[in-house]
Amino acid sequence: MQRYATIIGTGRYLPKNEISNETFGKWMAKVNPALETVVGKFENSSGIKTRFYADEGMATSDLAVEAAKDALKDAGITPNDVDLIILGTDSPDYITPATSVVIQEKLGAKRAGTFDVGCACASFPTGLALGAGLIGTNPHLKYILVIGAYMMHRLADYKSDVISFFYGDGAGAAVLAPSDQPGFVSSAFFADGSYYSHWGIYAGGTAEPATVENVQSGKTKVKLVTAFPPEVNNEGWPQRIREVAQNGNFTIDEIDFVIFTQVRLNTITLVMEEIGLPLEKAHWIMDKWGYTGSACLPMAFDDARKLGKIKAGDLVVFVGSGVGYNQAAVAFRMPK
């Protein structure tokens, strides 16, 4: 009998400290009064109205654990049932060890193996594809926890760098389990490494280890060096959807719902028009939670699912796009 992977539960965690655009704009005005106007332009193009920050003393793993608990409860299983934890993040607790092992300890998932996926906002669909492949080929694996978590504001000059407008903290998770009916349908991956120097944290690793000088100059903080051209997502997302449809032998008009990286509402609107699907088949959370990076796809998916927008039997496509840059798409049929 063919062994498939399906999604049996989802969850999310949103920190409690809200930072409205008004508050953020006041921070920027102290740096440069002209930046308040930039904040207004960002709001208009992105749809972001607010964001939430974790408490001081919390780490990315803490957000992930809370989302994991929510997903496990939704799936009706316990931490001890989990066989594998896959974490997607580009704001890890440490360079090493992997943040997923910290999550395993904090969650109490003593039986679980773990690994991290580090392709920014493409991490969650990548993690879903990896988890589905492992379940499909390893009969001893029953439950895989796939998490996306993000705490980039902690790695930014968030009170002085206007690009921090986009950074909100959060985490989302999904539980994969075996099924005799296809849940996972297909995947598609793409990268263009020529953009690696555009946006990132460029000191603190082996290319440039942390020093007093580069810490003081801010090089160990996340920076937008050069803006990505709009075509990266405006053209890349439709292409990934077409590829995942071709790979899964389905047509675009068969797609019931699409979950995108939650960075700009204007981009989601444009892409849905491009692929010929009504905007009602997409969901967005950036207006109420900000851009939550590696966490935004699972958070949006959980929100749409629990609002009843995603139903049993629906064909859902996830499209993630992250700095580097990486893109990934994955298609899942929701269990009936």
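Here is how the numbers come out for the structure above:
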{"quantity": "Cβ-Cβ under 6 Å pairs, at least 6 apart or on other chains, the stretch 157-176 side within 12 Å of residue 51 (Cα to Cα), far side outside any helix (DSSP H, G or I) and charged (D, E, K, R)", "calculated": "168/51"}
{"quantity": "Top-ranked residue of the stretch 278-336 - restricted to ones that are among the acidic types (Asp, Glu) and part of a helix (DSSP H, G or I), ranked as nearest to residue 226 (Cα to Cα)", "calculated": "287"}
{"quantity": "Top-ranked residue in the stretch 76-115 [being within 20 Å of the chain's Cα centre (by Cα) and of a type in the set (Gly, Ala, Ser); ranked as surrounded by the most Cβ atoms within 10 Å (Cβ to Cβ)]", "calculated": "88"}
{"quantity": "Given (1) of a type outside the set (Val, Ile, Thr); (2) under 18 Å from the mean Cα position of the chain (by Cα); (3) under 21 Å from residue 324 (Cβ atoms); (4) surrounded by 16 or more Cβ atoms within 10 Å (Cβ to Cβ), number of the condition residue 174 does not satisfy", "calculated": "(3)"}
{"quantity": "Pair list, Cβ under 8 Å, 6 or more apart: the stretch 194-219 residue not assigned by TED's automatic domain parsing to the domain that holds residue 121, other residue surrounded by 10 or more Cβ atoms within 10 Å (Cβ to Cβ) and in a strand (DSSP E or B)", "calculated": "198/224; 199/223; 199/224; 200/223; 201/223; 202/223"}
{"quantity": "Residue 101 being in contact with a Phe, Trp or Tyr (Cβ under 7 Å, 6 or more places away or on another chain), modelled with pLDDT of 95 or more and farther than 21 Å from residue 296 by Cβ", "calculated": "no"}
{"quantity": "In the stretch 27-56, the residues that are surrounded by 13 or more Cβ atoms within 10 Å (Cβ to Cβ) and basic (Lys, Arg)", "calculated": "49, 51"}
{"quantity": "Flag for residue 7 being in a strand (DSSP E or B), of a type in the set (Val, Ile, Thr) and within 17 Å of the chain's Cα centre (by Cα)", "calculated": "yes"}
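The values are calculated or read from the model by the stated rules, or taken from the named source; none is laboratory data. Nothing here was measured: the structure is a model prediction, and the numbers come from that model. Reconstructed Cβ throughout: ideal geometry from the backbone, glycine too, with neighbour counts over all protein chains shown.
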